[in-house]
Amino acid sequence: MVATNTASLPIPARGARTGRPGIQLWYALLAAACAFGLAAWIYELENGLAATGMRDVVSWGMYIFTFAFFIGLSAGGLIMASSAEVFGIKALKPLSRLGVLSAAACVAVAALMIIPDLGRPARILNIFIHPNWSSPLVWDVFIISIYFVFSVVDLAVLQQHTTEPARLRRTMRVLAYVGLPTAVLLHSITAWIFGLQIARTWWNTSLMAPLFVVSAVLSGTALVTLLALAAERWGGFTLPADTRRWLRGFITMALIVDLFFVGCEYITVLWGNVPADRSALDLVLPGGPWAWTFWGEWIVGGVIPLALLLVPRLRRMAGSLGVAAFLAIAGVYVFRIELVVIGFINPLTQFPPGIAVGTYNPTTTSFQLVGRYSPTWVEYGIIIGLFAFFGAIVTVGYHRLQLASRSPISSQEGRPAREETVHSAPDTPVAPSAGESPFSGEQ
């Protein structure tokens, strides 16, 4: 979601599959999913938050960790795309407008994700009427609002083709330099919602903001990669070979740094062996009740993607980049689950009979000494609806903005960019250009 001085966006590939029946079916599926999500939300409004799996012990659940996930996707998309202008990475310029679109869609969905978590949505107005400026939650609401407005302006600027070329390039460069720190700030503030909670040691770490930013770069780049690959297959977009190599390099380095940060947290807790810290980590490590998050993050979302990205024999396989990007996104989502839910599992006070769960059930106790959380169909339904809403924004935006066919201003001498690109199949080795990719010789 960043203004960059874009290189040529390629013309639609010959024979691109953009038939009407297929797109109509896709829209029908998205509309059905959105309708299901809306119905689930109406049910929640009628029955209250008791219709969800959240209770007084685990009071943040699927809405919040999905909110943090989408914020990361949005910020990461902007950071990745802005690098094309700020750091002069020409290979990423064909993805600038796609990155802007995905970031705007993600931050819009993230903002909507908060509404069902409130239970009584009208109370969101209190944040604006009576803001508590000492709360990171208020900071996050305002930075999300500013970020969304910025993304819309940024996208509008990128669509200008009648403006004098030199002036347009200057405007885009200014927006790029503003957008990069804005994206970092967006995800840092979201991280501080957790990291500044002194009483919850699982969250209270100075690494929270850097970890969130790195995971945002990872998931945002992976999302733009998936969107570009999907657009190449069904939307007439062409993904140049150099761009593929840079995307592969971005995902690989971000994934390595992300796992390094998480590993540093694990080692610190294990070495210190503080009971409160260790009790939370033990839930996640192999043998614990939430060990599936460990395997999901480290193996499914870590080791397997790295193998697909780094092992020469595997990375030459057709579809390896797309599979690696998808698994990396899944790993980041699992980390968000681990972060949010595990922070609540062990209550701050654990004295008999426990903490009231907020609902009465004559067959079981109404108190909990240890938190439990399982999302209900209501939460799944709302999340599915919002994912579908994201898909609708990206699909409509891609076609309305004609991202596959419009050719932006060339970075050289302000002349219109040539509408020529060489399409390279994912499984065809391509000779690297000197100094243009951190993974020379890669696909």
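The listed residues are SER145, SER188, SER135, SER219, and the only one of them that is in contact with a Gly (Cβ under 8 Å, 6 or more places away or on another chain) and over 22 Å from GLY88 (Cβ atoms) turns out to be SER219. Collect the residues in segment 263-280 that are assigned to a loop (DSSP other than H, G, I, E, B) and touching a residue at least 12 places away in the same chain (Cβ under 8 Å), keeping them in residue-number order. Selection gives VAL274 alone.
If a residue must be outside any loop (DSSP other than H, G, I, E, B), crowded, with 23+ Cβ neighbours inside 10 Å and out of contact with any Pro (no Cβ under 8 Å at 6 or more places or on another chain), how many such residues does segment 48-69 contain? Count: 4. For VAL340, the requirement of being closer than 18 Å to ILE64 by Cβ, in contact (Cβ under 8 Å) with a residue 24 or more places away in the chain and either in a helix (DSSP H, G or I) or of a type outside the set (Phe, Trp, Tyr) (or both) is met.
Filtered by the rule that a residue be within 19 Å of the chain's Cα centre (by Cα) and aliphatic (A, V, I, L, M), segment 180-206 gives LEU180, ALA183, VAL184, LEU185, LEU186, ILE189, ALA191, ILE193.
From the list LEU283, LEU314, the lone residue that is more than 21 Å from ALA199 (Cβ to Cβ) and at pLDDT below 95 is LEU314. Of the residues ILE124, ILE144, the single one that is exposed (fewer than 15 other Cβ atoms within 10 Å of the Cβ) and under 26 Å from PHE387 (Cα atoms) is ILE124. Is it true that SER405 is modelled with pLDDT of 80 or more, closer than 30 Å to CYS34 by Cα and surrounded by fewer than 18 Cβ atoms within 10 Å (Cβ to Cβ)? No, not satisfied. Residues in segment 171-212 that are touching a helix residue (DSSP H, G or I) at 6+ places or on another chain (Cβ under 9 Å), more than 28 Å from LEU281 (Cβ to Cβ) and free of Cβ contacts under 8 Å to residues at least 60 places away in the same chain: VAL178, LEU185. Residue count for segment 352-406 under the criterion of being touching a helix residue (DSSP H, G or I) at 6+ places or on another chain (Cβ under 9 Å), within 22 Å of ALA156 (Cβ to Cβ) and part of a loop (DSSP other than H, G, I, E, B): the result is 4. Residues in segment 252-267 that are among the β-branched types (Val, Ile, Thr) and within 17 Å of PHE212 (Cβ to Cβ): ILE256, VAL257, VAL262. Scanning segment 302-316 for residues that are over 18 Å from LEU226 (Cβ atoms) and either touching a Cys at 6+ places or on another chain (Cβ under 6 Å) or of a type in the set (Val, Ile, Thr) (or both) turns up VAL303, VAL311.
The values are calculated or read from the model by the stated rules, or taken from the named source; none is laboratory data. Just so you know, these numbers come straight off a predicted model, no measurement behind them. Every residue, glycine as well, gets a Cβ built from its backbone with ideal geometry; the counts of neighbours run over all protein chains shown.
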